[in-house]
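The structure under discussion appears below in the form of structure tokens.
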Amino acid sequence: MSFADIAVPAPFYPSDTVFTYRVPEELEATLEVGSLVKVSFGRRLSWGVVTSLHHSPLKESIKTKDIDSLILPEPIFSEKRISFLQQLSDHYVHPLGLVMESAIPGPIRNGTARTLRYTRPELLPVLNVNPSDKVLNDEQAHAVQKILQSTGTHLLWGLTGSGKTEVYLKLIESVLERGEGALILVPEISLTPLLTERFEKRFPDQVALFHSAQTPKKIREAWFDVWTGQKRIALGARSALFAPLKNPGIVVVDEEHDGSYKQEEGFRYNARDAAIRFAKQFSCTCVLGSATPSAEALALVDIGEAQVSLLKTRAVTGAQLPTLSLVDLRLNLPKENKIPHVEIKDEFTPPKAAGDFFLSPQLQVALEKTLSAKEQSILFINRRGVGSQKLCRSCGFVHECPNCAVKLTPHSTRLSCHYCGYHTFEPDKCPQCASPHPFLQVGTGTEGVEEGLKLHFPHARVLRMDRDTIQNKDDLESTLSAFANREADILVGTQMVAKGHDFPNVTLVGILLADMGMSVPDFRANERSLQLLMQVSGRAGRSNQAGQVYVQTFQPEHPVFSHLQDPDQMNSYKNFLSEEILKRKLLNYPPFASMALLRFDGLQESNVEEAARYVAQTLNRAGAPNFQVLGPTPSPISKIRGRYRRQILIKCEKKEVFERTLHWLLLGWTKGHCEKNYKTRLLVDVDPVQML
């Protein structure tokens, strides 16, 4: 009699737990390691993946069930891919079955009728490559040659507009000619339309698109196209990492520094780090591309675990980096906003538009010139809404979310919480002091800037790109297409406009509140701020037309801006990262130590506090050398969706001790020691990116 160990999507710890089933006689000839099957699990029928087969007799006291059926006739995973998923399970302390759930799309793992009827095509398509009319410059050609002659991890560090995508295309062309496949990751769905168009033009009928905004039908088709070898290029956001390429030859992680590669819910993996593991597992090349590499990527180069190629010039002949002007907003501060509470007069009227104040005179003049020249502009502010908050001019009352410990963000028709979705309308009078005077709007957001632009430039065509206006893939593509086709003069947006887009007619970029992210309680705050500012600035002057960037700030003396203004941008950025890396080494932060954020949340604040204290004490008692436990402390946002939050940060120099401790902790937790006693949920985030 044969037995199979099967991983099922169940939240059991330790994370490598699998369950043993009997192999029915009718399946013995067809069942293999990696097969996708249906099994009876508890009181339900579940899918599962065979991780091993054996003939060893089990103890008589252990009862086993038979495997119900095969979902697909061929294995869904190779042994190498199972090993890769197991590594992710161990590192991120997440049950193997739930890791596999992220790697198998719902339309496949649920065994729909179309899945069960699927048959592998007998013939594979002939590879078709359209030659490019672009000639690589010396830097690009050298990078291609160096990467093709090497293995392992390679950092492609190129200025914005230096032609990194053309390097990717040339590398993939060589990989496909060798009969191998290619995986291309981008940090956000907003970057997929442009890249997909370029890749499909070069490699017709070879690109399969993977991201969460696709329909189940499209997901199923893309998955089967890659699984069967009909298409050999998988392109998409985080989830594309799990595309079932049979013979991967290269993995490209574009904009590798971007925090969006970290999944923040469920299986909290970092797709960039996982891609490096993937490349090692499959003995292929991993290319990390960025104009602003992360400290972690540069540290890999410093310790010899990655090679680097530099692209120091823009690919378009004659294109130069834009000139940058720093605008001190303190000098433009309106008198009525210099003190928090002013005397109320009956004749008081609110400002005509929320965005007025944040369009400095310098930027307004630059916008006028750009509009007159029939050129385009991008205005960036990393906040939605018409303002940051509204307060009572008499008593200072500010509307707060009843479910979350945050202020409500004003929009044109409502006050909204961007965490739980709660919204309400501005009352006729202050709930605290009953003042009938209009609330004072503080700060601004994309919606407020749009209003201000319409006031100052009534003939300008303005597009807004944020989470309020982009609800789906069609909204995204239509907005990007309209701006690319010059159907709008000014694009206002959040981070969506900051990265990867190539608009040749954009000659002006305005960064409205450049210091917004620098006061966030996060050791990466300065790094992220400089990366974002450099990325946004890089949208200007990407053709032969000169570009200008206006950076508006209340802190012009901040060291981040000195690096941003340096004409030798790459060298200055490297110096900045070197300083950051030194600080992290002294403070035992990544990449010099493993780190995890333990977050506790529950409906009763006292229970959450007690649970966090208990775990902190337990960790301290079992503490190993070089193991630090920081906290517990209230989370920076101490309440979300009605649940109170506390957190503990743990750091450890020894990876093995770190992983073993986390597995031990979760094993104890799921036995009910804390969850049952304190009615508090524990979330473990290994290698956290967001600290809020």
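Just so you know, all these numbers are worked out from the coordinates, no wet-lab data involved. Since the structure is predicted, the reported quantities are computational estimates derived from the model, not experimental observations. In this analysis, Cβ positions are derived from the backbone assuming ideal geometry, glycine residues included, and neighbour counts consider all displayed protein chains.
State the antiparallel share, in %, of DSSP beta bridges confined to the range 138-311, rounding to the nearest 5. Mind dumping the intermediate values first?
Numbers: 1 of 30 bridges.
Taking every DSSP beta bridge within the range 138-311, about 5 percent pair in antiparallel fashion.
What lysines sit close enough to K38 to cross-link, taking a C-alpha to C-alpha distance under 19 Å and skipping anything fewer than 8 places away on the same chain?
In chain and number order, the partners are K63, K65.
In terms of modelled amide H atoms, which long-range or inter-chain residues lie less than 5 Å from the amide H of K231?
For K231, the qualifying residues are V226.
As a footprinting exposure proxy, order M595, M1, M100, M691 by other Cβ within 10 Å, with the fewest listed first. Before the final figure, lay out each step's value.
Values: M595 21, M1 11, M100 28, M691 16.
Sorted ascending by nearby Cβ count, the order is M1, M691, M595, M100.
So which of K280/K473; K583/K654; K170/K218; K231/K473 end up more than 30 Å apart by C-alpha? Walk me through the numbers before you get to the answer.
On the way: K280/K473 33 Å; K583/K654 19 Å; K170/K218 27 Å; K231/K473 22 Å.
Over 30 Å Cα-Cα: K280/K473.
Please give the peptides 254-264, 403-413, 441-451 ranked by average Cβ packing (other Cβ atoms within 10 Å per residue), highest first, as a rough proxy for protection. Walk me through the intermediate numbers first.
Working: 254-264: 21.5, 403-413: 18.3, 441-451: 24.2.
Result, highest mean Cβ count within 10 Å first: 441-451, 254-264, 403-413.
Could you work out the per residue convex hull volume over the alpha carbons of the range 3-116, in cubic angstrom? Each step should come with its number before you reach the end.
Values: hull volume 12.4 nm³, N = 114.
Taking the convex hull of the Cα positions in the range 3-116, it is 108 Å³ per residue.
With only alpha-carbon pairs counted, each pair once and no self-pairs, how large is the Kirkwood hydrodynamic radius of the range 594-686 in angstroms? Don't jump to the answer; show the numbers that get you there.
Numbers: mean 1/r = 0.0759 Å⁻¹.
Result for the range 594-686 stands at 13.2 Å.
Provide K63, K280 in ascending order of the number of other Cβ atoms located within 10 Å of each residue's Cβ, fewest first.
On the way: K63 8, K280 15.
So the residues, fewest neighbours to most, are K63, K280.
Rounded to the nearest 5, what is the percent of antiparallel bridges among the DSSP beta bridges in the chain?
On the way: 51 of 104 bridges.
So the antiparallel bridges amount to about 50 percent of the total.
Would you mind checking K390/K429; K164/K201; K407/K679 for any pair whose Cα atoms are more than 20 angstrom apart? Present the calculation step by step, with values, prior to reporting the outcome.
Numbers: K390/K429 13 Å; K164/K201 17 Å; K407/K679 27 Å.
Result: K407/K679 exceed 20 Å.
If contacts are Cα pairs under 8 angstrom and at least 6 residues apart, what is the relative contact order of the range 594-686 in percent?
46
Have a look at the range 138-311 and give its Rg and Dmax from the Cα atoms, expressed in angstrom.
When restricted to Cα atoms, the range 138-311 yields Rg and Dmax of 14.9, 45 Å.
Which of the peptides 645-652, 561-568, 84-91, 504-511 is most tightly packed, and how do the rest follow, judged by the mean count of other Cβ atoms within 10 Å per residue? Intermediate values should be presented prior to the final figure.
Numbers: 645-652: 22.4, 561-568: 16.0, 84-91: 20.5, 504-511: 23.9.
The densest-packed peptide leads the list: 504-511, 645-652, 84-91, 561-568.
Please express the Cα-Cα pair-distance distribution P(r) of the chain as a list of whole percents, one per 10 Å bin, running from 0 to the bin with the greatest distance.
In order of increasing distance, the bins hold 3, 13, 22, 25, 21, 11, 4, 1, 0 percent.
I need to check one value: relative contact order of the chain, counting alpha carbon pairs closer than 8 Å and at least 6 residues apart, in percent. Show your work: numbers first, answer last.
Values: 1339 pairs, mean separation 83.5, N = 692.
12 percent.
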